[in-house]
Amino acid sequence: VTHDATLAGSGTPADPLTVLESGGGGTVHPDQQIMFWEAYFEYWDCVNATNCAPQINWADTSDQYWARAVGGGSNDYGHTLIPTSDGGYAMGGFSQTYSNYYLLTKFSTNGAASWSRTINYGSGSYQYFRGLAQTSDNGYITTGSYSTTQYIILVKLNSMGNLVWGRYFYSYSTSGNNVGYQVIEASDGDYVVFGTTYDYESASGDYPDEDFLMAKFNSSGTLQWARIVDYSPGATYDYDYCCSGVQASDGGFVMAGYYSNYLHLIKLDASGNLVWAKRIQGYNSTNYPCNIIRTSDNGYAVAITTTTFGAGSEEFLLLKFASDGSLQWARTAGGASSEFNPSVIQTNDGGYALFGQTISFGAGGYDFLLVKFDASGSYLWAKTYGGASNEQTTYGGPNIFQNAEGFFTMGGYTDSYGAGGVDYFHVRAGANGDCCFGETAPVGISAPTPTTSDITASVVVADPSLSIWNLTPNMNTPAPTAEQVCGP
């Protein structure tokens, strides 16, 4: 394959050439580079000629793409996929193969499974772990719910997946949903859980209902402070779901979630005090998650599912916000049917990638869908990855990342491949979406203008009284079956 390229370096053994993609796309993986002398002489001949644009040829990269299924004889649902400091990645989710327990699997840089752990707290109880992050000590912190949605769980593991400590907690009652959807490590080393709790804010005469929850623990698992956020105090019963959160550049936090069919963004300062609150039109709140990231300009990007905008029944909606929560632009992506459960990352070139599932395009029922935009929201390309049956995502991620070399790694679950039922499924593709399987998707794009409003004055932020217990789950080391769908 021939690419326009920029070369850096003198081309000598002491100062070898670095081959850069045109437009500053980043360095090419060493396995993709041609011999530097060949590149140097081609470049030298070109710059000393007239009307010559240098072109560099590098090797085929298809041996660095793969798709793999990992699981057992029943259903294993991959919820999250994160990069790890050693260049590999980890996937976490819910496993019916292993007695309805949480399943965490660590993968090496070449996509091979290194180890797996199950976490369970009591026979017959469901362990729904939703959020996963690597910590600064190279361990892991994960959150979710225990006994379906009665208690929020927070578990700290070391770098090999062994238990360090565990906590489970709730606010007012276990009669409603208490779920941790995402967890991050803050800049001060504390762990921050974003989720939903069944609570009430008595100062405003509120009734018990489900509210945004943010809870901050130190590295030893001791609660530092917590906040609930209620959009409709005084309502008999309402649903305020926080499904994602991120730390702001000033040390505060932004929570993303929904009430009714609106996306809500809440900014708290580093001490948990309300800064601003925004309401944005266009959310399909029928059990669909959201995903928020901080962008390189210290603003925010949010991925949600919408039924308000776009040509299909459900579509991806990407929203770009400034640091003060003002909406800058919005884009939908989809087809004639449904696209949902997107998560978003900012890519190495400053653009954005949406990853979720589609039934409008692809090889079978539901397929993975990856959509690429530039930094201004202009559409670049879209690809699907899937087999004859279904490849799906869940809970809004994070379940995609791009490494320094430009490769995308994505995760979810499949029943097209694997050992039985549904299995964890992870795919590695190139910077342009190419992979060892999949196809181009002719998605439709629109640029809607959702109605936005400032709701700071109507939001109640309170300090809940959390009931917290130590958690000592049972840990096991299963050996899920891996299937090579394509690639090395």
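Looking only at region 286-316, how many residues end up being outside any loop (DSSP other than H, G, I, E, B), more than 19 Å from I266 (Cα to Cα) and among the aliphatic types (A, V, I, L, M)? Residues that pass the stated criteria total 0. Residues in region 226-252 that are surrounded by fewer than 20 Cβ atoms within 10 Å (Cβ to Cβ) and among the aromatic types (F, W, Y) were compared, and the one that is modelled with the lowest pLDDT is Y237.
Take G144 and decide whether it is at pLDDT 85 or above and in contact with a Phe, Trp or Tyr (Cβ under 8 Å, 6 or more places away or on another chain).
Against the criterion (at pLDDT 85 or above and in contact with a Phe, Trp or Tyr (Cβ under 8 Å, 6 or more places away or on another chain)), G144 qualifies.
Determine if region 284-303 includes at least one residue that is buried (at least 23 other Cβ atoms within 10 Å of the Cβ), free of Cβ contacts under 8 Å to residues at least 40 places away in the same chain and either within 22 Å of I400 (Cβ to Cβ) or not hydrophobic (A, V, I, L, M, F, W, C) (or both). No: zero hits.
In this structure, does P450 turn out to be over 26 Å from the mean Cα position of the chain (by Cα) and either surrounded by 15 or more Cβ atoms within 10 Å (Cβ to Cβ) or touching a residue at least 60 places away in the same chain (Cβ under 8 Å) (or both)? Here the answer is no, as P450 does not meet what is asked. Within region 205-225, the set of residues being at pLDDT 95 or above and part of a strand (DSSP E or B) comprises M214, A215, K216, F217, L223, Q224, W225. Would you call G397 within 21 Å of P83 (Cα to Cα) and assigned to a loop (DSSP other than H, G, I, E, B)? Considered against the rule, which asks whether it is within 21 Å of P83 (Cα to Cα) and assigned to a loop (DSSP other than H, G, I, E, B), G397 comes out as yes. Select from region 87-103 the residues that are open to solvent by 10 Å² or more (accessible area, probe 1.4 Å) and out of contact with any Asp or Glu (no Cβ under 9 Å at 6 or more places or on another chain) and write down the one among them that is nearest to G144 (Cα to Cα). Once the filter is applied, the top-ranked residue is Y101. A search for C-beta distances below 9 Å between a residue of region 320-345 that is within 16 Å of R294 (Cα to Cα) and open to solvent by 10 Å² or more (accessible area, probe 1.4 Å) and any residue that is assigned to a loop (DSSP other than H, G, I, E, B) and at pLDDT below 95, counting only pairs 6+ apart in sequence or on different chains, returns I345/G397; I345/P398. Kindly indicate whether any position in region 469-487 is of a type in the set (V, I, T), outside any loop (DSSP other than H, G, I, E, B) and surrounded by fewer than 19 Cβ atoms within 10 Å (Cβ to Cβ). Yes: one or more hits.
Does T393 satisfy the criteria of being of a type in the set (V, I, T), open to solvent by less than 60 Å² (accessible area, probe 1.4 Å) and touching a residue at least 40 places away in the same chain (Cβ under 8 Å)? It is true that T393 is of a type in the set (V, I, T), open to solvent by less than 60 Å² (accessible area, probe 1.4 Å) and touching a residue at least 40 places away in the same chain (Cβ under 8 Å). Here S125, S202, S171 are screened, and the one residue that is open to solvent by less than 30 Å² (accessible area, probe 1.4 Å), more than 28 Å from P480 (Cβ to Cβ), modelled with pLDDT under 85 and hydroxyl-bearing (S, T, Y) is S171. Restricting attention to region 102-111, the residues that are out of contact with any strand residue (DSSP E or B) (no Cβ under 6 Å at 6 or more places or on another chain) and at pLDDT 95 or above add up to 0.
The values are calculated or read from the model by the stated rules, or taken from the named source; none is laboratory data. As the structure is a computational prediction, the values presented were derived from the model and not from experiment. Cβ coordinates were reconstructed from backbone atoms using ideal geometry, including for glycine residues, and neighbour counts include every protein chain displayed. Quick note on the areas: whole protein, heavy atoms, side chains included, nothing else; ligands and nucleic acids left out. Shrake-Rupley method; radii C 1.70, N 1.55, O 1.52, S 1.80 Å.
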